[in-house]
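The values are calculated or read from the model by the stated rules, or taken from the named source; none is laboratory data. Fair warning: this is a prediction, and the values are worked out from it, not measured in the lab. Glycine gets a Cβ as well: all are built from the backbone with ideal geometry, and neighbour counts include every protein chain shown.
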Amino acid sequence: EVASALCYLHELPRPIVHGDVHPRNILISAAGSALLSDFGASRYADEADDPNVSVGTAAYRAPELLRSDTECRTSATDVFAFAMLMVETWSGQIPLPYLQTDRATIIGIWGGQRPQRCQITDPRFPTQEWNLLTTAWAADPGQRPSMRFISLSLTRWLLKYPGC
């Protein structure tokens, strides 16, 4: 549901970047639906980012946001954050749990560290979905899939494995 929400935002006639995807910004409704919340960091994709505003939780910030004050949040940075969200959802641990501070996490992500497959121990989590996550946190934002692709992939997987 969160993937669908991000896909919707990214595909609006005037696309919106959420800019702060992480677990505390996902609410669960009484009916059990996942709802994307906290649009305080969101902006239209065609608007300039405010370089003086640092948003995002360290483990969910794409490497390009850590490398330069001139980089701005994009749909690709939302994709990176969503992949990290999926790791935490399936593992029950923050991404890169061995990095104990925000500073260490930022340095780790900037240096190319990403979650490891062994972090997700649930045997129902298939290799093809892990591969999807690894492409979603590619260092080059141009190599990341769209939220449309991710949403469709996850929908197919959930239809194949209901209850996961």
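Annotations
- Check on Glu64, among the charged types (D, E, K, R), modelled with pLDDT under 90, touching an Asp or Glu at 6+ places or on another chain (Cβ under 8 Å) and closer than 24 Å to Thr135 by Cβ: no
- Any hit, the range 136-154, residues being part of a loop (DSSP other than H, G, I, E, B), in contact (Cβ under 8 Å) with a residue 40 or more places away in the chain and touching a Phe, Trp or Tyr at 6+ places or on another chain (Cβ under 6 Å): yes
- Some residue of the range 130-150 being surrounded by fewer than 16 Cβ atoms within 10 Å (Cβ to Cβ), over 13 Å from the mean Cα position of the chain (by Cα) and among the β-branched types (Val, Ile, Thr): no
- In the range 104-117, the residues that are within 13 Å of Asp140 (Cα to Cα) reach residues that are of a type in the set (Gly, Ala, Ser) and buried (at least 17 other Cβ atoms within 10 Å of the Cβ) with C-beta atoms within less than 9 angstrom, at least six apart or across chains, in these pairs: Ile109/Ala58; Ile109/Ala59; Ile109/Ala62.
- Residue list for the range 91-109, filter: over 23 Å from Asp122 (Cβ atoms) and either buried (at least 17 other Cβ atoms within 10 Å of the Cβ) or in contact with a Gly (Cβ under 6 Å, 6 or more places away or on another chain) (or both): Thr105, Ile106, Gly108, Ile109
- Here Ala30 meets the list (1) closer than 30 Å to Arg124 by Cα; (2) modelled with pLDDT under 95 almost entirely, failing just condition (2).
- Test: residue in the range 40-48 that is exposed (fewer than 15 other Cβ atoms within 10 Å of the Cβ), charged (D, E, K, R), at pLDDT 95 or above and out of contact with any strand residue (DSSP E or B) (no Cβ under 6 Å at 6 or more places or on another chain): no
- Within the range 136-150, being within 12 Å of Ala83 (Cα to Cα) and either aliphatic (A, V, I, L, M) or at pLDDT 95 or above (or both) holds for Ala136, Ala138, Arg144, Pro145, Ser146, Met147, Ile150.
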